Structures are given as C-alpha cells and as structure tokens.
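Structure first, then comments.
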Amino acid sequence: MSDAILGLLGFTAALVLIGLGLPVAVSMGVIGTLGYWYLNGWMGASYILGSSPFESIFPYSFSVIPLFVMMGVFASHAGLSRSLFNVINAYIGHRKGGLAITTVGASAVFGAICGSSLATVATIGRVALPEMKRHGYDPSLSTATVAAGGTLGVLIPPSVLLVIYGLLTQSSIGQLFIGALVPGLLGAALYAGAIMVRVRLTPGIAPRAERTGWHDRLRRTGQVWPVMALFFVVIGGIYLGWFSPTEAAAVGAVGAFLLALFSGELNRTTLKASVFETTGLTGMIFFILIGAALFNFFLENTGLPQFLIEQIRNSGLGPTPVMILILVFYIVLGCFMDSMSMILLTVPLLAPVAVDLDFSLVWFGIVVVTVAEIGLITPPIGMNLFVVQAAARDVKQATVVRGIVPFILADILRLTLLVAFPALVLWLPSQAF
Amino acid sequence: EAKTKLKVSHYLPAVHGIHTDFIVPWTEQITACTGGEVEFEIFPAGSQLGNVARQQEQVMAGVVDIAHGLHGIPRGRFPRTSLIDMPFLTDDAGAASYALWSLYPEYLSEEYRGLKVLALHAHNGGLLHTGKKKVETIEDMDGLRIRTPSPAVSEMLSFLGADPQGLPPGEVYESLQRGVIDGTVFPWDPVKSFGLNEVLNYHLDLGAYTVSFFYVMNQRSYDRLSDTAQACIDKYSGADLVAKFGDWWDQWDAPARQEAIDAGHEIITLSDEQRTRWEETLQPMMAAYLQSVEDAGVDNAEDIYKAMQDKIREYEAAHQE
Amino acid sequence: MAMAGVTAYGAAAVVTVADVLGRRIGLPIEGVVDLVQLFVVTGAWLAMPYAFMSAAHVSVDFLLALMPDSLAVSLRLMAAALTLSLLALMLWQGFLTFQTRTMFGDKSQQLGIPVALYWYPLLVGLAASMLGVLLELHQALKGTPDHE
Ligand code: NA
Ligand code: NA
C-alpha cells in the first residue's frame, strides 16, 4: 500500500472518530500515534509521544495564547468589554446587525496585533458572545461571526505568516505587508456585507437596539476611556516600537487585570470564574496543538501533501485551473493543519509551480495565506469553529456550522476577486516601491 | 535488489543553501553511487522533524537516520565542539570547519557516541548589523539591544556594554522594524533569507564569532547498510565534504552582501588597531568562559582551544593568497 | 491547581511587563524569554487537568445527539478510554524523554535554568489530567448522558 493512500486512510479515520463525538485533539492524537507506529515501529511512536506534549507548548511565540486569553477573560468579567460594547452599540446598535459588524472590526484589529487566529477567537469570543446574546442575537450569527472574524487579522500587518512566506520565497516582506492591506480590509468589508445580507433576509436574528441620543452616547463614551486607553496602549505600543506583538499580550493581560481591580468588579466570584475560564480555554487550545502535532508527524511521514502537489504539478493544466486546484488543496489541508505548518511545508514545493506559471510571488503569497486561513472555518473540521464552540457551550455545533456558510461564501468571493483581479494585491505595493 | 529509504532531517527552510546546495545534491550522489539502492526522504524546517533543538535527539533515537543541526541548541550538549564559538577565533568558515574536522578524532569524538559523523562545519565570521545606529568602536555598543545566537556571544555583548536579547530568527525583522532591538548578530546569509536588508543600514564586519553545525548518521542505521552503500556514504563524507564548506559559506553569504551594497548600506570593516582593541578587551571574558567550560567537566578545554587556534593558523598559512 | 496555573500565567505577564518597562530605564530583565517559557509551560500543564475535568475539550456532537442513549453512552466510554490511553502513553514516554534530557544536563538557552523544572509541571499535569478524565466521566454517567 502506498504511503500517500495510508495518509488518506488516516485522514478519513480521524474524521470518523471526530464524527463519533471523540474530542478532536484525542482523535488526531490517537490516529497520528497509531499511523506513525505502523510506519516507523514503536521506537518512532515512542519518540513523538514523549516529545510532542513538551514541544507543542514550549515555543516562546505561543505565550501569546494564555496571555491574550487572560486579557479577554479579565476584561470581560470585570464588565470592561461590556461597557465597551455598550458604547459601540450606542452608536451603531440601531443599525441592522450592528454588534456583529462591530465584532468583525474588533477581530480584525485584535487579530492584526496578535497574529493567531485561535487566540483571536478565544479572546473576542469571550467579550463579544455574551454581549450579542444579551442583545438577543441569534447564536448562529454571533458564534459564526466570531469564528470567521478570527481569520481576518492574519493578513493585516504585522503578520508572522507573511514574514515566513517572504523568507521562504525570498520575496520582499515590505511588499507583502503593503500588498496584504487591501485584501485584509476587503475580507472585513465582505464579512460585514455577509452579515448585512443575512440580517436583511431574516431580520429576527439581530434585533435592533433603540437609537441612543447624543447626550447618552457621549456620557457612555466618557465611561470607557480606561478600556480605550488600554486598547490604544496595546496597539499603539506595537506600532511605536515600545514592545513586540508577543510582549503586547503581557501588557494587555496585566492592564486588563489592573483595570478590573480598580473598577471594583473583581470579587471572589468573578476571580474564580476568570481562573476557571482561563484554564479551561488554554488547556483546550494547548491539547489541540499536541494532538495536531502527533497527527502532523504521521501525515507528513506519509508524504500525502507532497504527493498531492506532484499531482498538481504534473497535471499539465493552465494557470487558472492549477490555481483553483491549489486553492482546493489548501482548504482540504486546512482541516487538520494550522496555517503556519501548512505554509512552511507546502510553500517551498508550490512556489516553483507559481514561478513556472508566471505568477507574482507577492500575489501568490497573499492568496495562499488567505486560503490557509479559510480552512480554519470550514466544517466539518475547523479549529476556529471548535474554539468558538468551547466559548459558547450552550450552542449546538450544527448551529455554528449553519451560521458560518455566509462567511465562507464571502471568503470564496474574496478569493475569486483576488484571483480575477491581481491588481487588488499588487497596485498598492507598486505605488510604494 | 531491496531498496533502503533513509530519512534526513534539518532545521533550515527548503530554500536555504544547506538544503539546495549541500544536502539534496549529497543524497543524490549517494543514490547514484549505490545504483538506486539507497533513497532519501528529507524533512526540512516546518516539518515536524525540523525542530532545531531536536536534531541530535532524533538521530540518536533513530527516528531519522541522518540529521543536520546546531551544536549550540540545546546548549551544553557539545561543550568541546562548541569551543569554536569563542570570540575572534576565526572569521573564515573554511578554517573553522577544517579545525573542527582535524580535532574530531582526538578531542571531540566522545561527544558523538552512537553516531557516525559525516561532517562538521562552521559559518563565516558573524557581523553586527544595525538599523539606525552606526557602530564603529566599542563605546558605540553601549546600551544597544542586540539579538544574540549563543551564550558565548551573549557574554561577549554584555561584556562590551550591549544588552543581548534572545529572539527566534523569525522575529528579528519585526523587532528591528519596530525598534524593539537596535541590531542583530548574524553572518551575511540569514540577512538575505530573513529579508533584513530592508530594515538595516549598517553592517560592522567584526568577524568576531562563528557557530558550528553537525551532519551525523545513526550508527545502527549505517551498520545496517550493505557494504556498497557504506562505501558510498564514506566516499562522499568526511574530509572531502568538510573541505567544501569554506566555498559554500562564501557562496551563501555573497548575495546578502551584494544586496546591502546595492541598497547603499554602509559596510564597516574594523581596522587592525580596533580589532586588536576588541580582542584585548575581551580577554578576561574569554578566560572566564574557558574556565566555566572546564568547571562544567571538560578538563582539557584550554588544550582544545589551543589546538583549534593551531589548526586555524595551519589552514590560514596554507590558504594565503 | 487551576489557581496555580493562572498565577503562573500571571507571572509570565508580569516579568514581560517588567522587562518592557525596565529596559526603558536601562534595567531589563535578563533571560526574560526563558522565564516566560517556564511560566507558560507551568501554567499550561497545571491548567490542563481542569480542561479535562470540565469537558472543555471540543468535539463534534451533532451525530451523537441523534443516537439512542445506550449507543451514546458506549461511545462516551470509548472516548474516555482512548483519552486515558493517550494520556497514559504520553506520561510514560514523557517520563523517559524527561530522563534523557535531564541526563544530558539540558539547560534553558539564556539563564541556564535546568530543563527538569520545565518538565515537572508536565508530568504532574499529565497524571492529574487522567484523574480529571475519570472525574468527568463519573459526573457524566451519573447525570443524563446528554449533559449539555
Ligand atoms: Na497580523
Ligand atoms: Na476546515
């Protein structure tokens, strides 16, 4: 039996286990271990079992996950995020789907800073879901908005993925950053559009709030200045070079804790709730990373990704069909792999294909990073969907999946536009350099 | 004839010269030499087997058959070999690689038990690259935040008054752009592969330090091979392979240097007088560092260091142009 | 244990902020990356058992909801058994890896913190996680099988 077929079998087996209700992390971990055992003997399996639990948590760059989660949890339990949402709601809540659109904007900004889809979903979800619930939003809209919103920030600079793509393909990181701006903002705009269309079709899912008078708006704005200040320190500090994005997570966490402390909302009950929520969320995310690592050891050993790329290369198709094949390939791969591993593993193999076909490497990079993120919200298996569900335990999976469809359509529209009009990516860099 | 598939892992991206010029052609040579009996599968950065800190462990455990890695990560596993990291020993990859290979049988071999060493090498002398602040003298170093690759370099930077920062190479670009760090210590090659010329302006050619690499095979994997295959591996490894690294590193460094020149950057070379001053200033630090290695259980650290100096002089004498 | 985990995260945040502030006045925290990694690893592993205990781990439940209760219960048992096996294997092999790395005398990159300190929380966390799985299973079987 060819190893690539074994990879496909393993992929299917993991899907079956997940379908039977096993935890995603356990399904990937078990299949990954068994597969690696079959291919490399017990010695190989023993090595990955012994090292993955350590290596999946150890890297410094992962420290953003618990820190941003803590920031979100404290901000939320101390009522900080609630007052922030109240303010935004005062301005646009009377419009259709206003809170959901606000969530998209907040995710884009936050994700731009922290660079991790999962952490963005965990943080924004903690803040936005209770507020949308309180305002009577349908859970299918609120959870899907948070899950989809998490994918936006990765394209907006600073972007670790684009830096890595740039160094893999020897293309200019500056050009990639500038080129990513329009597609990143386009993504946010299309998500907002998807929300508006959905709300227009079924107005019941997002009740309008009453219009707030200007007097009230200004009064409420005055109340949230500490939160706004924290937000500006965290974002502004990165752009001004006070600290790196990783360090910003720590600044945010400490800041949120202090604000919560001084606001007087931090008592024994809220502190306890904050602690349990932080541990539950981070434990879950880290265990998924461990399961995914075990599975990826197996998947990469089968050579399935390389096999598929070879098929694409040798297909003899023209540029557009090849590009469509590549996009489909990434969406499928995105079921199991995080975008970072996907980029590192596949770009060295695919970049030569892109060059063969006369694609601009800057354009190709933006498209590849965009599509790698879509895998995170496509059912049946999308990490963002799982994370948002963990934050909204009372919402059924099917509800989240139903709500995500318009956002996937928006993403497909965005990809189509980027493929049809490369100028959307390339015009801005051509002006800047 | 039964085919054998060997796994090779390393921690560099598949576009790096180590992958494209060294490892891939090397595996192709072996495959050709064995008439297709031995084939290879390569796992670079980004693969699960591409973790820089795990290369030695993987090959010892036999999870891969061959690994290429850094001696310094995790630190302390190759205290003898890592003496080549000492400041101002040499700025020439060829000389450093030659010294390592010459010392291997007598002084270093006990660090490689269970492994068949295919090659040892080290990169060309590293530079101090800075963004906005130009560095020419020791005094210019005061208070600068500099990214550092190894404990020896960290100690050197602290000793000179700078503030060393441990950062993953992938975060250097952003940190420089935002001014979180003022500069980085690197050879030329990663300056291009990480796109750093976009955010740098000055390059001080210190030639102050090097960093060394191993290319090793699991001994059991080697013993399992047929006589033909073993002969082929032997033929393309060892001294002949090690001798190629001087030119290879020059070749890998050249594009980054050219890119900096084209971008109008200033490349500063230390005058002999300045260089002597730097070396003298660092003497106490080097003595203390050698002592700490001896304290850690390498009784003959001093001898190894001297032998390295001798071999480097020998190489330099033979390669005078 | 959950509290200790969050305290460790808090320590990671505090040393980072101290470094950010300290380096502006020339007093950076030496080896801050090593410390943050130590605190985050500690926090993550102390948090892990709680994630199992509260069934925070994500799974796809829409097929499960359609099944008869008896089948759903046996699937739950299978899930718990597989989770326990995976955790047990990780604990066993993790312990061997821990032994190897301490035998090498591995130290953190900047400060030279012994690597064992990074491993104790992992081993404790894995063992406690197995307990967490059992507790959660007990709760789930005592209550309604569909306890959401
Ligand atoms: Na970003
Ligand atoms: Na998916």
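The values are calculated or read from the model by the stated rules, or taken from the named source; none is laboratory data. Everything numeric in this text was worked out from a predicted model, so none of it was measured. Note that we place each Cβ from the backbone using ideal geometry, even for glycine, and neighbour counts take in every protein chain shown. For accessibility, only protein heavy atoms count, side chains too; no ligands or nucleic acids. Shrake-Rupley method; radii C 1.70, N 1.55, O 1.52, S 1.80 Å.
Of note:
- Spatial separation of Cα centroids for the stretch A:238-279 and the stretch B:219-243, in angstrom: 56
- Angle between chain A longest axis and helix A:245-263 axis [Cα atoms, degrees, rounded to 10]: 30
- Gyration tensor (alpha-carbon) shape descriptor, the stretch C:1-127, a/c threshold 1.5: oblate
- Rounded to the nearest 500, the 222 nm mean residue ellipticity of chain C from helices alone is -26000 deg cm²/dmol, with -39,500 (n - 2.57) taken per DSSP H run of at least 4 residues.
- The simple Förster model, with R0 at 30 Å and r as the Cβ-Cβ distance, assigns A:GLU310 and B:ALA32 a FRET efficiency of 0.90.
- When the protein assembly as shown is described by a simple charge dipole with +1 on each Lys and Arg Cβ and -1 on each Asp and Glu Cβ, the residue from B:VAL180, B:PRO25, A:LEU385 located farthest towards its positive end is A:LEU385.
- Extreme residue, positive dipole direction of the stretch C:1-142, given options C:ILE29, C:PRO49, C:LEU75 (C-beta unit charges): C:ILE29
- Chain B: relative contact order as a whole-number percent, Cα under 8 Å and 6+ apart: 24
- Simple label model, 7 Å out from Cα along Cβ direction - A:THR416 to A:THR221, nm: 3.9
- Förster-model FRET efficiency, 30 Å R0, A:ALA229 and C:MET3, C-beta, rounded to 0.05: 0.55
- For chain B, calculated [θ]222 nm from helices alone, where every DSSP H run of n ≥ 4 adds -39500 (n - 2.57): -12000 deg cm²/dmol
- Residues C:MET78 and A:ARG134, FRET efficiency given R0 of 45 Å [Cβ-Cβ distance, rounded to 0.05]: 0.70
- Residues of the stretch B:18-55 with amide N under 19 Å of the 7 Å Cα→Cβ point at A:LEU349: B:19-20, B:24-25, B:28, B:39-51
- Angle between chain B longest axis and helix B:24-33 axis [Cα atoms, degrees, rounded to 10]: 20
- Inter-part distance, the stretch A:1-62 to the stretch B:299-321, computed on C-alpha centroids, equals 48 Å.
- Placing pseudo-labels 7 Å out from each Cα toward the beta carbon at A:ALA398 and B:ALA287 gives an inter-label distance of 8.0 nm.
- Crossing angle, helix A:214-223 versus chain A [Cα axis fit, 0-90 degrees, rounded to tens]: 70
- Subset of A:LYS96/A:LYS133; B:LYS7/B:LYS235; B:LYS244/B:LYS306; B:LYS116/B:LYS311 violating a 21 Å alpha-carbon distance limit: B:LYS244/B:LYS306; B:LYS116/B:LYS311
- Partner shielding of C:100-108 amounts to 4, given as the average count of beta-carbon atoms from other chains within 10 Å of each residue beta-carbon.
- Placing B:MET86, C:MET103 in order of accessible area, with the largest value first and a 1.4 Å probe, yields C:MET103, B:MET86.
- When peptides B:224-237, C:9-22 are sorted by average Cβ neighbour count within 10 Å, with the highest value leading, the order is C:9-22, B:224-237.
- Taking the centroid of alpha carbons for each part, the stretch B:107-176 and the stretch A:292-314 are 35 Å apart.
- Placing unit charges on the Cβ atoms only, positive for Lys and Arg and negative for Asp and Glu, gives the stretch C:1-142 a dipole magnitude near 120 debye about its Cα centre.
- When you restrict to C-alpha pairs under 8 Å that are six or more residues apart and normalise by the size of chain C, the relative contact order lands at 32 percent.
- Accessible area (Å², 1.4 Å probe, nearest 10) - B:GLU280: 120
- When you restrict to C-alpha pairs under 8 Å that are six or more residues apart and normalise by the size of the stretch A:29-139, the relative contact order lands at 27 percent.
- Size of electric dipole in the protein assembly as shown: Cβ of Lys, Arg +1 and of Asp, Glu -1, about Cα centre, debye, nearest 20: 4480
- Farthest towards the positive end of the charge dipole of the stretch C:1-142, among the residues C:ALA18, C:GLN93, C:TRP119, is the Cα of C:ALA18, using unit charges on the Cβ of Lys, Arg, Asp and Glu.
- Counting heavy atoms of the protein chains alone, B:ASP272 has an accessible area of about 120 Å² for a 1.4 Å probe.
- Given charges at beta-carbon only (K, R positive; D, E negative), |dipole| of chain B in Debye: 1000
- Under Karplus coefficients 6.51, -1.76 and 1.60, residue-wise ³J(HN,Hα) of the stretch B:102-115 in Hz, glycine/proline x: 5, 7, 3, x, 8, 9, 10, 4, 5, 7, 10, 5, x, 10
- Amide H partners (placed H, <5 Å) of B:SER9, local residues excluded: B:PHE43, B:ILE66, B:ALA67, B:HIS68
- Ranking A:VAL26, A:VAL328, B:VAL199 by solvent-accessible area of protein heavy atoms (1.4 Å probe, all protein chains present), from largest to smallest, gives A:VAL328, B:VAL199, A:VAL26.
- Each of A:ARG219, C:ARG24 has its accessible area taken with a 1.4 Å probe; listed largest first, they run C:ARG24, A:ARG219.
- Area accessible to solvent at B:HIS10, 1.4 Å probe radius, in Å²: 0
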